[in-house]
There are 2 protein chains.
Amino acid sequence: MTPPRLALNTATTKGWTLAEAVAGCVEAGIGGIGVWRDRVQEAGVAEAGRILRAAGVSVTSLCRGGFFTAPDGGRDDNRRAVDEAAAIGTDVLVLVCGGVPEGSTDLDGARARVRDGIAELAPHAASAGVRLAIEPMHPMFCADRGVVSTLGQALDLAEQFPAEQIGVVVDAYHVWWDPQVYAEIARAGAGGRILSVQVSDWVTPLPAGALLGRAHVGDGCIDVRRIVDACTAAGHAGFVEVEIFNEEIWQTPGARTVATLVDRHRTLFSR
Amino acid sequence: MTPPRLALNTATTKGWTLAEAVAGCVEAGIGGIGVWRDRVQEAGVAEAGRILRAAGVSVTSLCRGGFFTAPDGGRDDNRRAVDEAAAIGTDVLVLVCGGVPEGSTDLDGARARVRDGIAELAPHAASAGVRLAIEPMHPMFCADRGVVSTLGQALDLAEQFPAEQIGVVVDAYHVWWDPQVYAEIARAGAGGRILSVQVSDWVTPLPAGALLGRAHVGDGCIDVRRIVDACTAAGHAGFVEVEIFNEEIWQTPGARTVATLVDRHRTLFSR
């Protein structure tokens with residue numbers, strides 16, 4: 001039996017179109033799917049929504065908006081991302097907030113721009129019925145992807161807005177090292193702020209660029225079970241998305257990757 | 001004029017023996033040197049001490065002890081490191097505390113072993129007149145190098161011991177991303193815990209393995225000046241060690257690298 005609460009994130013099966021990923025989920029009995037925008041745009045937004053609705057899978061998130069520190073603040077693209085989320089039937093848009101602008105050393109300034117960008121996007125998201133999920137990124141991505149570096153910092157930001165509008169992502173890969181992570185998960189849950197839980201595992205050595213170093217749950221040093229259980233205990237009853245960026249996994253046929261996901265998920269929760 | 005408080009860490013000029021590095025410092029008017037153990041052992045401990053004393057440079061630290069999470073807890077090697085520090089005339093031994101043990105996901109357990117290892121080493125260090133400087137490592141090294149991931153966590157550990165015995169390293173490369181870093185630097189200074197300040201800069205993309213990605217101060221996105229100034233304001237009157245792991249810089253003649261250090265240091269503090 002496929003374990004409940006398992007969701008596939010389309011970044012894990014990069015070789016699959018949206019239709020293939022959805023079919024793969026249905027075939028494997030996976031009830032949820034987190035979708036990246038490249039897959040949505042490739043299919044067309046309306047068609048993507050149709051594929052997802054027809055299959056009856058839960059769309060757990062759309063990845064991603066953000067990059068508020070880009071020269072244009074990501075403004076128009078973020079509004080489109082909100083609209084796409086609504087169109088494909090998810091109320092969660094994941095925000096990767098952007099790094100330190102090229103040539104700058106003003107980290108506080110970049111963080112202020114993130115706050116301002118969220119404040120600007122929030123009304124449009126609210127009117128579309130989409131909640132914005134701030135994803136704290138591992139500090140190794142602070143320079144170039146996300147200046148929101150800890151779950152506590154993400155919550156400090158989110159709590160400036162209503163819980164119905166802004167929450168956080170708990171991605172085990174980004175937060176496992178944080179001495180405060182369990183306290184912050186409890187805080188996030190108590191405030192109704194956990195909008196997405198994502199998992200993968202940490203292995204070394206990191207590849208060049210650091211982005212594609214993630215591994216299947218169980219292959220690395222993250223206590224994924226403890227993190228997921230903490231989210232559950234804090235009130236998160238939703239799906240657990242497996243999101244793995246890894247060149248070798250991308251070369252693997254999607255059905256085999258999905259079978260591994262199911263297997264690892266079952267092992268994880270049978271312990 | 002060579003700016004005051006600039007120190008060379010021998011890891012920056014990997015092609016130089018200890019004698020060459022010391023001569024390079026004297027030539028460039030650099031008054032301090034942080035020494036790695038490979039350079040000490042290559043010269044022989046007694047000879048290394050002689051070289052350093054003869055040159056009259058301040059030995060700002062010995063790098064490194066630690067790796068408390070290794071199978072043997074690094075026990076004997078750490079005692080030798082303490083003895084070497086005393087022998088070469090520095091009272092600061094930098095501790096890189098070790099990662100998550102192979103095959104384990106027990107991060108809390110690894111962190112407990114670090115605390116126990118420090119407690120075990122502390123009396124020997126105290127009797128040798130050597131202070132142990134816990135170096136919080138960037139979280140990207142949590143798995144394989146250091147489970148002490150933030151300055152706050154390093155201080156939580158250090159403060160379990162007298163300030164005369166245990167302190168911390170503030171390495172800009174490891175801590176720049178931390179939303180709490182300035183508060184923690186103030187806390188470290190107030191407690192007399194800043195035993196070493198190290199600098200380099202963060203550039204992307206990270207190379208494979210993530211270790212050798214550091215750059216000259218001024219080439220990246222770290223506000224090094226702000227971090228050093230915060231340490232100074234917190235009471236650190238000692239040297240600022242430049243420690244850069246970078247394959248390209250290692251291929252550069254030492255004298256040219258040192259000239260760059262002097263130039264960057266001058267630029268940094270003239271702003």
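Taken over segment B:38-89, the criterion of being farther than 19 Å from residue B:128 by Cβ and touching a Cys at 6+ places or on another chain (Cβ under 6 Å) is satisfied by B:57 alone.
A single entry from A:74, A:109, A:99 fulfils the requirement of being modelled with pLDDT under 95 and either of a type outside the set (Lys, Arg) or more than 27 Å from residue A:34 (Cα to Cα) (or both): A:74. Scanning segment A:72-123 for residues that are away from chain B (no Cβ under 14 Å), open to solvent by less than 60 Å² (accessible area, probe 1.4 Å) and of a type outside the set (Gly, Ala, Ser) turns up A:78, A:82, A:84, A:88, A:90, A:92, A:93, A:94, A:95, A:96, A:118, A:121. Candidates A:192, A:213: the one that is under 30 Å from residue A:126 (Cα atoms) and touching a residue at least 24 places away in the same chain (Cβ under 8 Å) is A:192. Within segment A:164-184, take every residue that is farther than 23 Å from residue A:12 by Cβ and touching a helix residue (DSSP H, G or I) at 6+ places or on another chain (Cβ under 6 Å) and give me the one that is nearest to the other protein chains (Cβ to nearest Cβ). Only one residue fits best here, namely A:179.
Every test in (1) in contact (Cβ under 8 Å) with a residue 60 or more places away in the chain; (2) open to solvent by less than 30 Å² (accessible area, probe 1.4 Å); (3) under 19 Å from residue A:171 (Cβ atoms) is passed by residue A:24 save one, and that test is (3).
Checked against the criterion of being among the aromatic types (Phe, Trp, Tyr) and either over 19 Å from the mean Cα position of the chain (by Cα) or within 24 Å of residue B:149 (Cβ to Cβ) (or both), segment A:125-142 has at least one qualifying residue.
In this structure, does residue A:261 turn out to be within 22 Å of residue B:179 (Cα to Cα) and modelled with pLDDT of 95 or more? So residue A:261 fails the test. Listed by first and then second residue, the pairs with beta-carbon distance under 8 Å, at least 6 apart or on different chains, first residue in segment B:43-64 and closer than 24 Å to residue B:96 by Cα, second open to solvent by 40 Å² or more (accessible area, probe 1.4 Å) and of a type in the set (Val, Ile, Thr), are B:43/B:17. Candidates are the residues of segment A:1-42 that are part of a helix (DSSP H, G or I) and more than 24 Å from residue A:247 (Cβ to Cβ); the one that is nearest to the chain's Cα centre (by Cα) is A:26.
In this structure, residue A:76 does not satisfy being in a loop (DSSP other than H, G, I, E, B) and not polar (S, T, N, Q). Of all positions in segment A:114-129, at least one carries a residue that is closer than 19 Å to residue A:72 by Cβ, of a type in the set (Asp, Glu) and assigned to a helix (DSSP H, G or I). When residue A:215 is tested against (1) more than 9 Å from chain B (Cβ to nearest Cβ); (2) touching a Gly at 6+ places or on another chain (Cβ under 9 Å), only condition (2) is not met. Considering only residues of segment B:130-144 that are facing another protein chain (nearest Cβ under 10 Å) and not in a loop (DSSP other than H, G, I, E, B), which is surrounded by the fewest Cβ atoms within 10 Å (Cβ to Cβ)? Once the filter is applied, the top-ranked residue is B:141.
The values are calculated or read from the model by the stated rules, or taken from the named source; none is laboratory data. Since the model is a prediction, treat every value here as computed from it, not as a measurement. Backbone-built Cβ (ideal geometry, glycine too); neighbour counts: all protein chains shown. Just the protein is used for accessible areas: all its heavy atoms, side chains included, with ligands, DNA and RNA removed. Shrake-Rupley method; radii C 1.70, N 1.55, O 1.52, S 1.80 Å.
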